[in-house]
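Asks: Before anything else, here's the structure in question.
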Amino acid sequence: MTLSVAVIGAGPSGFYTAEALLKRGLDCQIDILEGLPTPYGLIRAGVAPDHQSTKRVTRAYERTARHEQVAYFGNVEIGRDISLDELRANYDAVVLAIGAPLDRGLDIPGGDKRGVHGAAAFVGWYNGHPDFRDLVPDLNCDAVAIIGNGNVALDVARVLVKTPREMAKTDMPDYAAAAIHGAPIRDVHLLGRRGPVEAKWTNVELREMGELEDCRVVLDPDQLPDRVAGKWSARDRRLREKNLETLRGFLGQPPDGKHKRLHFAFYAKPVEVLGGDRVTGLRLERTRVEDGRVVDTGETFDLACGLVVAAIGYRAQPIAGVPYDECRGIVSNRQGRVAPGLYVVGWAKRGPSGVIGSNKPDADLIASHVAADLAPQGEGAGEGTGDGKPGRAGLQALLAERHVAWVSFADWLAIEAAEIAAAPAGAPRQKLIRIKDMLAVLGKSAGQRRTG
Ligand SMILES: Cc1cc2nc3c(=O)[nH]c(=O)nc-3n(C[C@H](O)[C@H](O)[C@H](O)COP(=O)(O)OP(=O)(O)OC[C@H]3O[C@@H](n4cnc5c(N)ncnc54)[C@H](O)[C@@H]3O)c2cc1C
């Protein structure tokens, strides 16, 4: 009997799960359900618009989506259109590949002032995620503070300081380009509680900061240690040594008449957002690092800024009936198992860590669980032992009954073709942002359900 598998979420972990199941040669039907009409999760809405080559990984996902055993159901949100229980009643296995889309809040006094944004929201805004189209951050300031020492913080900083020419061949939406390039921003401060050795950047991303057309790097040489102290694996030590070398290289760069400055500031922990209704600055406490731990010193200083972006982590969206680890912000799981027939992969499983490829081993693991749990004798032999749940036919019946305007993969390709056709010269696409505009390409209406 053919095994039915529903994968919730069409980001990297969802596609890698489908691919891993196919590779096992199981007799299965795989349906990928995605809340947005558009697939690819954070590849479309997270990875920076000026990193188009990274986004090309979607070509492999496209091949998976076109496989005869796979079907895509976009614009179908679990919890809104269909409940998880209904899905589990229809499929032998359900895999949660829902990512970690929520910002970890900046939990300090003033953290809720106007002008303070989480990176998920801010990046979603400049990357055209429908949920954040109406964020409209006020960029009318000359200094911005970005909290966090990972690649997401670097992305936000880079996008804010790149020139229109540097961003011309990207798919950043018009509204974000107009707001960013029209803003008087001159200084962007990247703030880390720890030192440069502990920072989580990859070296390629860090090096880019020294190659900007109209922005130079500023940092205090006294904050750069001579060597990488502490216990690190050989690989991590090499990466950190490289990063230190890159930072040292920034010190020697001439200003070259550049108008903008990117300040790296380490050992600085935000303790309060300053201002009235709106942010006017950040109060920071100096720290030091002992045995990898942050130690407060009690000494504070203030930094003037009109915008704060907190890139301090992400957490998964809790789903009714699914155990949730509040502390880690993930779906509670044991090696990807959540409950019989229910699994979790990717950022929802392990939190926001690693690069796109880091989601592959998770997917392989879940495919092996599905094979072991549901097709014990059939692995590789094409003899699944699903217990006769309706699978795709059941899903389609529910969608029809509820008049859900779902989007097939062919529909998505039509949306994508419209985006590519509308692209300004040199740009890869002009993203459609509103869901109603995406559906209009297909001659469908969002009805009363979703207007984003
Ligand atoms: C700002 C940013 C930049 C990044 N840049 C890079 C980079 O340059 N290089 C790199 O290697 N990695 C990068 N990453 C990391 C990479 O994007 C992640 O590793 C990867 O996207 C995680 O995959 P995922 O499938 O777990 O989650 P996601 O990519 O978030 O996909 C989850 C999907 O599930 C859908 N979904 C959620 N809930 C539901 C529901 N209830 N019903 C239906 N669908 C649902 C979402 O809409 C989404 O499409 C970046 C991450 C961020 C945040």
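The values are calculated or read from the model by the stated rules, or taken from the named source; none is laboratory data. Every value quoted in this text rests on a predicted model; they were computed, and no experiment measured them. Quick reminder, even Gly has a Cβ in these numbers, built from the backbone with ideal geometry, and neighbours come from all protein chains shown. Surface accessibility is based on the protein's heavy atoms, side chains included, excluding ligands, DNA and RNA. Shrake-Rupley method; radii C 1.70, N 1.55, O 1.52, S 1.80 Å.
Asks: Which of (1) under 14 Å from the mean Cα position of the chain (by Cα); (2) surrounded by fewer than 17 Cβ atoms within 10 Å (Cβ to Cβ) does Pro49 not meet, given it meets every other one?
Replies: Of the numbered conditions (1) under 14 Å from the mean Cα position of the chain (by Cα); (2) surrounded by fewer than 17 Cβ atoms within 10 Å (Cβ to Cβ), the odd one out for Pro49 is (2).
Asks: Show the residue pairs that are 6+ apart or on different chains and have beta-carbon atoms under 7 Å apart, the first residue being within segment 329-350 and closer than 25 Å to Lys389 by Cα and without any contact (Cβ under 8 Å) to a residue 60 or more places away in the chain, the second being of a type in the set (Val, Ile, Thr) and open to solvent by less than 10 Å² (accessible area, probe 1.4 Å).
Replies: Final answer for the pair search is Asn333/Val344; Gly336/Val344; Gly336/Val345; Gly336/Ile366.
So that you can scan it fast, the table gives a plain yes or no per residue for (1) open to solvent by less than 20 Å² (accessible area, probe 1.4 Å); (2) under 23 Å from the mean Cα position of the chain (by Cα):
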| residue | (1), (2) |
| --- | --- |
| Asp171 | yes, yes |
| Ala176 | yes, yes |
| Leu190 | yes, yes |
| Gly195 | yes, no |
| Glu198 | no, yes |
| Leu206 | yes, yes |
| Met209 | yes, yes |
| Val217 | yes, no |
| Asp220 | no, no |
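Asks: Suppose we filter segment 106-121 for residues that are in contact (Cβ under 8 Å) with a residue 40 or more places away in the chain and away from the ligand (no atom under 16 Å from the Cβ); how many remain? I'd like the intermediate steps shown before the answer.
Replies: We begin by selecting, within segment 106-121, every residue in contact (Cβ under 8 Å) with a residue 40 or more places away in the chain; these are 106, 108-111, 113-120.
Narrowing further to those that are away from the ligand (no atom under 16 Å from the Cβ): 106, 108-111, 113-116.
So the count comes out to 9.
Asks: Could you check, for segment 145-160, whether at least one of its residues is within 30 Å of Leu26 (Cα to Cα) and open to solvent by 30 Å² or more (accessible area, probe 1.4 Å)?
Replies: The answer is no, given that none of the residues of segment 145-160 is within 30 Å of Leu26 (Cα to Cα) and open to solvent by 30 Å² or more (accessible area, probe 1.4 Å).
Asks: Can you list the strands (runs of 3 or more DSSP E) lying wholly within segment 305-369 that have 2 or more residues being away from the ligand (no atom under 14 Å from the Cβ)?
Replies: Working: elements: 307-310, 337-339, 342-344.
Output list reads 307-310, 337-339.
Asks: I'm trying to understand the selection: among the residues of segment 1-16, which are buried (at least 23 other Cβ atoms within 10 Å of the Cβ) and more than 9 Å from the ligand (Cβ to nearest atom)? Reasoning before the result, please.
Replies: At the first step, the residues of segment 1-16 found to be buried (at least 23 other Cβ atoms within 10 Å of the Cβ) are 3-16.
Residues satisfying the conditions are Leu3, Ser4, Val5, Ala6, Val7.
Asks: Now for a separate question. Mind counting the residues in segment 81-108 that are touching an Asp or Glu at 6+ places or on another chain (Cβ under 9 Å), open to solvent by 50 Å² or more (accessible area, probe 1.4 Å) and at pLDDT below 95?
Replies: Here the count works out to 1.
Asks: Can I ask one more? Any chance segment 59-75 includes a residue that's open to solvent by 20 Å² or more (accessible area, probe 1.4 Å) and within 7 Å of the ligand (Cβ to nearest atom)?
Replies: Looking through segment 59-75, none of the residues is open to solvent by 20 Å² or more (accessible area, probe 1.4 Å) and within 7 Å of the ligand (Cβ to nearest atom).
Asks: If only one of Asp277, Asp236 is of a type outside the set (Val, Ile, Thr) and under 28 Å from Pro109 (Cβ atoms), which one is it? Working first, answer last.
Replies: Details: Asp236 fails: under 28 Å from Pro109 (Cβ atoms).
Exactly one residue qualifies, and that residue is Asp277.
Asks: Among the residues in segment 249-258, are any surrounded by fewer than 16 Cβ atoms within 10 Å (Cβ to Cβ), in contact with a helix residue (DSSP H, G or I) (Cβ under 8 Å, 6 or more places away or on another chain) and more than 25 Å from Ala48 (Cβ to Cβ)?
Replies: Scanning segment 249-258 turns up at least one residue that is surrounded by fewer than 16 Cβ atoms within 10 Å (Cβ to Cβ), in contact with a helix residue (DSSP H, G or I) (Cβ under 8 Å, 6 or more places away or on another chain) and more than 25 Å from Ala48 (Cβ to Cβ).
Asks: For the subset of segment 347-383 comprising residues that are surrounded by fewer than 22 Cβ atoms within 10 Å (Cβ to Cβ) and among the β-branched types (Val, Ile, Thr), which member is modelled with the highest pLDDT?
Replies: Ile356
Asks: Restricting to segment 27-39, what's the tally of residues that are open to solvent by less than 10 Å² (accessible area, probe 1.4 Å), more than 14 Å from Leu96 (Cβ to Cβ) and either near the ligand (Cβ under 9 Å from one of its atoms) or outside any strand (DSSP E or B) (or both)?
Replies: Counting residues in segment 27-39 that are open to solvent by less than 10 Å² (accessible area, probe 1.4 Å), more than 14 Å from Leu96 (Cβ to Cβ) and either near the ligand (Cβ under 9 Å from one of its atoms) or outside any strand (DSSP E or B) (or both) gives 3.
Asks: Let me ask something else. Which ones in segment 122-139 are away from the ligand (no atom under 11 Å from the Cβ) and surrounded by 18 or more Cβ atoms within 10 Å (Cβ to Cβ)? Break it down into steps so the answer makes sense when it comes.
Replies: Step one: of segment 122-139, the residues away from the ligand (no atom under 11 Å from the Cβ) are 125, 128, 132-139.
Of everything in segment 122-139, those that are away from the ligand (no atom under 11 Å from the Cβ) and surrounded by 18 or more Cβ atoms within 10 Å (Cβ to Cβ) turn out to be Trp125, Gly128, Phe132, Pro137, Leu139.
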